[in-house]
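Bear in mind these aren't lab numbers, they're just calculated from the coordinates by the rules spelled out. These numbers were taken from a predicted model, which means no experiment stands behind them. When we count neighbours, we look across all protein chains shown, and the Cβ atoms used for this are built from the backbone with ideal geometry, even at glycine.
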Amino acid sequence: MSLVHLSEHIFRSKHRNATNLFLSSINNSLDTYKTIVNQQLEKLAQNPQNTLNMGKTLWSQEIRTPTDKTLNLHGLILGATGSGKSFYALNILQQVLKNSNSTTGIGILDPK
């Protein structure tokens, strides 16, 4: 038996255990991250009638933001050609116009 085969035989279980432990810790970190993000998203969407649907997380959790706070901010939508910037902006505008009880000023700059 060569030295390489001997070391593989001796350390195989240690490497497998260390790898499994590492992968488990990554998975636990991701679960913790998802839990924290979900809690923050729930806080943002406390009044679902007065929120804008901004999309979904990678794990399909809806992202809803309060309309009044969202509209009091400046926004910038960036992305590559064909990535859906105009569609996303149109979706937000439709929600604002549909759900707005007051006159809301909106300015759009779409340079080509």
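When you count the other C-beta atoms within 10 angstrom of each residue and take the mean per peptide, 13-20, 64-71 line up highest first as 64-71, 13-20.
Taking amide H as placed 1.01 Å from N in the peptide plane, the amide H of residue 63 sits under 5 Å from that of 54, 55, 56, 57, each at least 5 places away or on another chain. Were the residues from residue 21 through residue 38 laid out at 0.36 nm apart, the gain over their Cα-Cα distance would be 3.6 nm.
With both labels modelled 7 Å from their Cα along Cα-to-Cβ, the residue 59 to residue 31 distance reads 1.0 nm.
For the set 43/69; 43/85; 34/98, the pairs lying more than 21 angstrom apart at their alpha carbons are 43/85; 34/98.
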